[in-house]
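The values are calculated or read from the model by the stated rules, or taken from the named source; none is laboratory data. The structure presented is a predicted model; accordingly, all values stated were derived computationally and were not measured. In this analysis, Cβ positions are derived from the backbone assuming ideal geometry, glycine residues included, and neighbour counts consider all displayed protein chains.
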Amino acid sequence: MPSAGRPLASLALAATFSLAGAGGAAAVTVPEPAPVENLEQDIKTAQTATDAYWATHWNEFFTGTYTSPTVVGLYDGTNPATAPVCGGQPLGPGNAYYCPEGDYVAWDIGLMETGYLNGDAWPYLVVAHEWGHAVQYRLAEELRSQAAELQADCFAGASLFGAAADGTLVFEDGDQQELEAALTALADQTPWTKAGDHGNAAERVEAFSTGREGGPAACLPEAP
Ligand SMILES: [Zn+2]
């Protein structure tokens, strides 16, 4: 899911087998590890597109003025001495965070690199999800869902597909499947997503789809 004009990242397509045309030999594309520069560029693109989406559309859905969270960005969670601090604790490895007290978003390099091996949609999901938490903290209490993690997934779907509609992101074939696979992997495997806190895989995919199809308004709790 590179921004417009960028070449397709290799991993989105690398797992497919391509057959050459008539007379050609069957060719198999072997996945190569994505260079870290591509990851950093994808993270940057995700940040820019997500922030632009909320800045552009905030007033269509919410009152007040949108302010961007601070982006602390990549950190090394295996080194507590250098990791950002939230609530008096260094942020841990294998995870990503929105920290309300500092109003900042941050993602562990290990989480990003590992997920990126499965496709370049990963950093977009992580960034848009954490941004979704920043959005929640900007909302009146009654607009925050009690299922905070599913609401963040919903806002992630709304902002990524909203950005695509605005033309600030371009989806490649396979990105939708990658996003669903990433949500499933996060629900099943990583410490941030014990079912209790983030919902199970099906719930996460459903929440993301709700945002994708209905936009931010579809992510808000039903009026009583
Ligand atoms: Zn979350």
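Within region 145-159, track down each residue that is small (G, A, S), assigned to a helix (DSSP H, G or I) and surrounded by fewer than 24 Cβ atoms within 10 Å (Cβ to Cβ). Working first, answer last.
Narrowing region 145-159 to residues small (G, A, S): 145, 147-148, 152, 156-159.
Now narrow it down to the ones that are assigned to a helix (DSSP H, G or I): 148, 152, 156-159.
A148, the sole residue that qualifies.
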Region 55-68 residues that are part of a loop (DSSP other than H, G, I, E, B), paired with ones that are surrounded by 11 or more Cβ atoms within 10 Å (Cβ to Cβ) (beta carbon under 6 Å, 6 or more apart)
Y66/W54; Y66/A55; Y66/W58; S68/D51
When you go through (1) more than 11 Å from the chain's Cα centre (by Cα); (2) buried (at least 24 other Cβ atoms within 10 Å of the Cβ); (3) more than 11 Å from the ligand (Cβ to nearest atom) one by one for V127, which number turns out not to apply?
(1)
Just one of (1) in a helix (DSSP H, G or I); (2) in contact with a Phe, Trp or Tyr (Cβ under 9 Å, 6 or more places away or on another chain); (3) at pLDDT 90 or above trips up E142, so point out which.
(2)
Filter region 89-106 for residues that are touching a helix residue (DSSP H, G or I) at 6+ places or on another chain (Cβ under 9 Å) and in a loop (DSSP other than H, G, I, E, B) and give the result.
G92, P93, G94, N95, P100, D103
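Given the structure, is L179 among the hydrophobic types (A, V, I, L, M, F, W, C), within 26 Å of L91 (Cβ to Cβ), at pLDDT 95 or above and more than 11 Å from the ligand (Cβ to nearest atom)? Give the derivation first.
On the way: among the hydrophobic types (A, V, I, L, M, F, W, C): yes; within 26 Å of L91 (Cβ to Cβ): yes; at pLDDT 95 or above: no; more than 11 Å from the ligand (Cβ to nearest atom): yes.
No.
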Considering region 130-154 alone, what residues qualify as being under 14 Å from the mean Cα position of the chain (by Cα), among the aliphatic types (A, V, I, L, M) and within 10 Å of the ligand (Cβ to nearest atom)?
L150, A152
Quick check on A195: is it at pLDDT below 95, more than 21 Å from P100 (Cα to Cα), among the aliphatic types (A, V, I, L, M) and within 16 Å of the ligand (Cβ to nearest atom)?
yes
Can you pull out the residues in region 107-124 that are out of contact with any helix residue (DSSP H, G or I) (no Cβ under 8 Å at 6 or more places or on another chain) and within 15 Å of the ligand (Cβ to nearest atom)?
D108
Per-region count, region 129-142, residues closer than 16 Å to G162 by Cα, in contact with an Asp or Glu (Cβ under 9 Å, 6 or more places away or on another chain) and among the hydrophobic types (A, V, I, L, M, F, W, C):
1
Condition (residue is within 30 Å of D166 (Cα to Cα) and surrounded by 14 or more Cβ atoms within 10 Å (Cβ to Cβ)) applied to region 84-96: is it met by at least one residue?
yes
Out of contact with any helix residue (DSSP H, G or I) (no Cβ under 7 Å at 6 or more places or on another chain), of a type in the set (V, I, T) and in contact (Cβ under 8 Å) with a residue 24 or more places away in the chain - does that describe any residue in region 134-152?
no
Being in contact with a Pro (Cβ under 8 Å, 6 or more places away or on another chain) and closer than 20 Å to A185 by Cα is the filter here, so list the residues in region 99-114 that pass it.
A106, W107, D108, G110, L111, M112
